[in-house]
Amino acid sequence: MSARKGSQVPVLVLKAGREKSLKRRHPWVFSGAIEKVVGEPQSGDTVLVRTAEGTPLGLAAYSASSQIRGRVWTFDSTATVDAQFLRGRIKAALTLREQLPLGRHTNAMRLVHGESDGLPGLIVDRYADVLVAQLLSAGMERWRDEILDALVDLTRCEAVFERSDAEVRTLEGLPERAGFVRGNSDASRCAISEHGLVFRVDVAAGQKTGFFLDQRANRQRIREISAGRDVLDCFCYTGGFAIASLAGGAREVSAIDSSGTAIAVARENLAANALDPARLLFKEADVFLHLRELRNCGEKFDLIILDPPKFAPTAAQVENASRAYKDINLLALKLLAPGGLLATFSCSGGISPDLFQKIVAGAALDAGGEAKIIERFGPDADHPVALEFPEGDYLKGLLVYRG
Ligand code: SAH
C-alpha cells in the first residue's frame, strides 16, 4: 500500500490550531482535534494528516473506533508506508539494541518499544529464541503479516508467539488473539538468563508478554544492596526481585503475590538457580492485607520492594490509584527497621514521577521519622523513551532510606 501526497489517500484535516503537538512530533491524533475526514478510510488504512490551512503534517494509521484516531507512522508526508518501511523501522530498533552492553548480560530483551521505536502499538520481546509480539493498534493489525515476516527474517528467531490479548485491543475494535504465529517452540515456556540468573518465562500464560524486562537493571541494583538484609518483596510475580536479592546475599527473603500461578513459576525459578532455597519463602496473599498482618505481628525488614501492577493506566484512575500507592508505601515504611531501605515503584502511565514522589512523601510524613530519597529508578536501556513521547516514560521508582 502506498500513500503519497496528492494521490487518493484519505485525509484527516485538523481543527485550526490543533497541530501543535504534531509539530512537536508527538505521534497521536486525538478524535477531538479532527475537523473532518476526507475520503472513507477503514481502520488500519494510511491517512495523510493536514492542518486546517492545508499543510501536510505526516502519515498516520487510521483507527476508526479509538479516541486516538491516528497514530503517526512518519512526519515525512512524501514517504510510503509499506513492508519495506516497516522493515526499516524494525531494523533501526534492533540496531539500537545491538549497541547496548546489555547483550553481554542477558538473552532476553525488549526489541521494539512501540511509539519510542517509531512503531506505534507494537511491542516485541525476545526471550532466548522465542519472540513475543503484541500488536495493539489498528495500524499494526493491518500490517501484521509484513511485521511478523520482518521480525523472523531480521532476528532469525524460530518462533513468534503473539500475545495480542491486552485490553487496549478492544478500544481499537480488535479481537483478542494469542498463540504461535510463526514457527513453533516445543513448549510455550522458555528459560532466559539475566545477569547470571535463570528465569523461566511462560509466554502463553504469563502476565504481559511473560516477564517484566523493564525492571532488569533495578533487579540488579537490588541484588547489589541486599547483602545481610532481611528482605520483603511485595508483588513478586515470578520472583525476579526476590531471587536477585537472595543472589546478592540477603539473609532472608519473603515474597508475596496474589497469583498462585506466578508463585508456582517463582518456586521453579528459585530451584533453577544455585541458591539456598531455605532462605526464600514465597507466599500467596494480597499485599494490602498481608502488610497489615505483618504490622500487627510487629515484623521488621531491612529492605522492602514494592512493585505493584498499574493502579492507574490512565489519568481517569489517578485518585484511587494515589490512595492505593499511599496505603502500601505507608505500611511498608512502618515495617522498615532503622537504616532500612524501601524500593518503591509505579508503572502507571497516569501517575507522573512528580506525583509519585509526592505520594511517597505523604506516606513518609504519616509514617513519622526521617526518610530520604537516595536513588531514582527507571526502565532498563532496551525500553527507550522517545523525547517527544513522554507517555513512554511510565516506569519510575525511588530508593528511600529510613533513618
Ligand atoms: N516485580 C515483578 C513484577 C511485578 S508485576 C518482577 O520484577 O518480575 C505485579 C504483580 O502484582 C503481579 O504478579 C500480580 O499478580 C501481583 N498483584 C496484583 N495485585 C496484587 C495484590 N493485591 N496483592 C498481591 N499481588 C498482587
Tally the residues that are closer than 19 Å to His290 by Cα, open to solvent by 10 Å² or more (accessible area, probe 1.4 Å) and of a type outside the set (A, V, I, L, M, F, W, C), restricting the search to the stretch 331-350.
1
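Look through the stretch 287-304, keep the residues that are acidic (Asp, Glu) and open to solvent by 70 Å² or more (accessible area, probe 1.4 Å), and return whichever of them is farthest from the ligand (Cβ to nearest atom).
Residues of the stretch 287-304 that are acidic (Asp, Glu), as a first pass: 293, 299, 302.
Next, from what is left, pick out any that are open to solvent by 70 Å² or more (accessible area, probe 1.4 Å): 293, 299.
Working: Glu293: 12, Glu299: 17 Å.
Residue satisfying both the conditions and the ranking: Glu299.
In this structure, does Gly206 turn out to be within 24 Å of Asn269 (Cβ to Cβ), assigned by TED's automatic domain parsing to the domain that holds Gly340 and within 12 Å of the ligand (Cβ to nearest atom)? Break it down stepwise before answering.
Working: within 24 Å of Asn269 (Cβ to Cβ): yes; assigned by TED's automatic domain parsing to the domain that holds Gly340: no; within 12 Å of the ligand (Cβ to nearest atom): yes.
Taking the combined requirement at face value, the residue does not satisfy it.
Can you tell me which residue among Ala61, Ala93 is within 24 Å of Thr170 (Cβ to Cβ), crowded, with 18+ Cβ neighbours inside 10 Å and small (Gly, Ala, Ser)? It would help to see each step written out before you state the result.
Numbers: Ala93 fails: within 24 Å of Thr170 (Cβ to Cβ).
None of the other options fit; the residue is Ala61.
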Across the stretch 237-272, the tally of residues that are closer than 25 Å to Ala324 by Cα and either within 8 Å of the ligand (Cβ to nearest atom) or of a type outside the set (Gly, Ala, Ser) (or both) stands at 13
Looking at the stretch 218-236 only, could you name the residues that are near the ligand (Cβ under 9 Å from one of its atoms) and closer than 19 Å to Asn329 by Cβ?
Asn218, Asp233, Cys234, Phe235, Cys236
Against the conditions (1) without any contact (Cβ under 8 Å) to a residue 12 or more places away in the chain; (2) charged (D, E, K, R); (3) closer than 24 Å to Ala262 by Cβ, where does Asp286 fall short? Just the number, please.
(1)
Scan the stretch 163-180 residue by residue and report those that are open to solvent by less than 50 Å² (accessible area, probe 1.4 Å) and either part of a strand (DSSP E or B) or among the polar types (S, T, N, Q) (or both).
Arg163, Ser164, Gly179
Does Lys326 fit the bill of being loosely packed, with under 14 Cβ neighbours inside 10 Å, among the basic types (Lys, Arg) and over 25 Å from Ile243 (Cβ atoms)?
no
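The values are calculated or read from the model by the stated rules, or taken from the named source; none is laboratory data. The structure presented is a predicted model; accordingly, all values stated were derived computationally and were not measured. So basically every Cβ, Gly included, is an ideal-geometry build from the backbone, and we count neighbours across all protein chains shown. Each accessible area value is taken on the protein alone, full model and side chains, heavy atoms only, with ligands, DNA and RNA left out. Shrake-Rupley method; radii C 1.70, N 1.55, O 1.52, S 1.80 Å.
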